[in-house]
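Only one structure is covered here, and it is reproduced in the block below.
Quick note: the coordinates plus some simple rules give every number you see, no bench work behind them. Predicted model only: the values in this text are computed from it and were never measured. Neighbour counts are summed over all protein chains in view; Cβ atoms, including those assigned to glycine, are modelled from backbone coordinates with ideal geometry.
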Amino acid sequence: MNVGYLLANTAAREPQSLALVSRQGRQSFAQLEDRVSRLAGAMLAKGLKPGQRVGILFFNGAHFVETYFAALRVGLVAVPVNFRLVGREMAFVLNDSQTDALFFGAEFAEAVANTAARLETVRFFVSPGGQGPDPCHDYESFLAAGQPRPLNTAIMEDDPCQIMYTSGTTGLPKGAVINHRNVLWNLCNTMHGRQDSRGQISIIVGPLYHTAALNNHLTIQVALGGACVLVEKFDAQELLEIIQREKATVISGSPAMYLLLMQQAKAGAYDTSSISKCTAGADKLPMEAKRRLLEFFPNISGVFDVYGCTEASPTITILNAADSLRKDLSVGLPVPFLNAKLVDELGREVGPDEVGEIICKGPNVMTGYHQKPEATAEVLRDGWLYTGDLARRDHEGFFYIVDRKKDMLVSGGENIYPREVEEIIFTHPAVADVAVVGAPDELWGESVQAFVALKAGMSATAEEIIDLCKENLASYKKPRKVSFVAEIPRNASGKTLKYQLREKAATQE
């Protein structure tokens, strides 16, 4: 079986069931299957061959879903692209993955055009309206010219399905190679842990370039014949209107999203009673927020809290709704078809209430990083994935995330690696030294704060530093605050004492 089978099977089983609701309209599974099969045929007619890469740069919507399943249907490898990246970041992802064709939304035509000269392997482009670098094909015309292609059953579970990019401590993204087996086992694990069932109507707010939105939310509904209501951009009032209009039954999001939703001025005027399942991820969900969600969505029994990482496709643990109020700040138990444990620096398993690094082994763990054997060997050891996350386990086996081993911070559900931001700030001619940490933020969980030491006799402003980052990084990575210091604290070996800076950030106004 391969992931493309999930759509083909559901379309054959219940063709008239609603599959997608998006800005592009409403589609049944039969309609989606037909368009996907034609788009797949067009991809092959254009010369793409199994194993080659298809870049996907769309907001959440039918175009993303169609392109994704069309690629998988004929053995192509999907490369979802973070639409928040700027030109040089986008070019790196497309070149590193050796992407052959890029399908993108009209909203990104200018960004793609400005990036085209840097692209080394992309042979053609497809976009609604056909505006983009030459040769760029109009999406609908391209699809209409395709001959329907049946599912390629020769695609095996060991074949690559996705290359999902995740930032690394080197400052450059790494492409996690996720095969069809990884996605299918993650599907089984997540459906079991979240107690998913047929006929759900799921609101998908998280961007589909993330493994959680793509592999957990979208893929589960496709497999079970549920409807996906795809939200392009988060807007609290619009989301409340969608929940009420579509009578959605499932909603998933980050703690920041839920806080914004509940803070919306007219939130109480909307009917949210159709929601029967609420899942959270990407950051810690405080107990007070859980209690408020139980009031906000009166027909949920609790909140499912999901922990994972891109390299695990992504699910590792799930706290089910029944335990959500009993286990404050826990991310739950390891999913059934996965072995997870906590180990010390020597790889020895630690006992209850001791802190260790989460490592896991199972059929949902990636095959490795694309063309990065050293980085792969660092995180995959004897079949175990070393996540870099520190946690403790209680006497019932429930996991609690304690810290991030490599200083990654999470802001509004987005992973941010300080070194990437530091390298950009270092390019400012007045900067002598810099360290970036996460500062506590009531809304976003953490925000980026930069501590900067200037060269003698030189000057810079916080606005200059922030603008420099904004020009070279996705907007969510730029510092929200810049503090100028005489020197960056370091230990005898030269390592930055970031814990001191985090303490300072936590006490600053």
Legend entry - Per DSSP, loop trypsin sites (Lys or Arg not before Pro) in segment 51-85 with at most 16 further Cβ within 10 Å: Arg84
Legend entry - Cut-off 20 Å, label 7 Å out along Cα→Cβ of Ala322, residues of segment 270-292 by amide N: 276-280, 291
Inset, instruction - Please sort by residue number the GluC sites (Glu not before Pro) in segment 87-129 whose DSSP state is loop and whose Cβ has at most 10 other Cβ atoms within 10 Å. - result: Glu120
Inset, instruction - Only helical DSSP H runs with n ≥ 4 go in: add -39500 (n - 2.57) per run for the chain, normalise by residue count and round the 222 nm mean residue ellipticity to 500 deg cm²/dmol. - result: -8500 deg cm²/dmol
Inset, instruction - Work out the FRET efficiency for Asp134 and His395 from their Cβ-Cβ distance, taking R0 = 56 Å, and round it to the nearest 0.05. - result: 0.30
Legend entry - Label-reachable residues, segment 72-96, where backbone N falls under 16 Å from a point 7 Å from Glu471's Cα toward its Cβ: 86-89
Inset, instruction - Could you check what % of the DSSP bridge pairs in segment 264-405 are antiparallel, to the nearest 5? - result: 90
Legend entry - Ranked packing of 426-435, 342-351, 280-289, most packed first, by mean Cβ within 10 Å: 280-289, 426-435, 342-351
Legend entry - In segment 145-214, the trypsin sites (Lys or Arg not before Pro) that fall in loop regions by DSSP, at most 16 other Cβ within 10 Å: Arg198
Inset, instruction - Calculate the length of the line joining the C-alpha centroid of segment 1-67 to that of segment 449-509, in whole Å. - result: 45
Legend entry - Antiparallel bridges, percent of DSSP beta bridges restricted to the chain (to nearest 5): 60
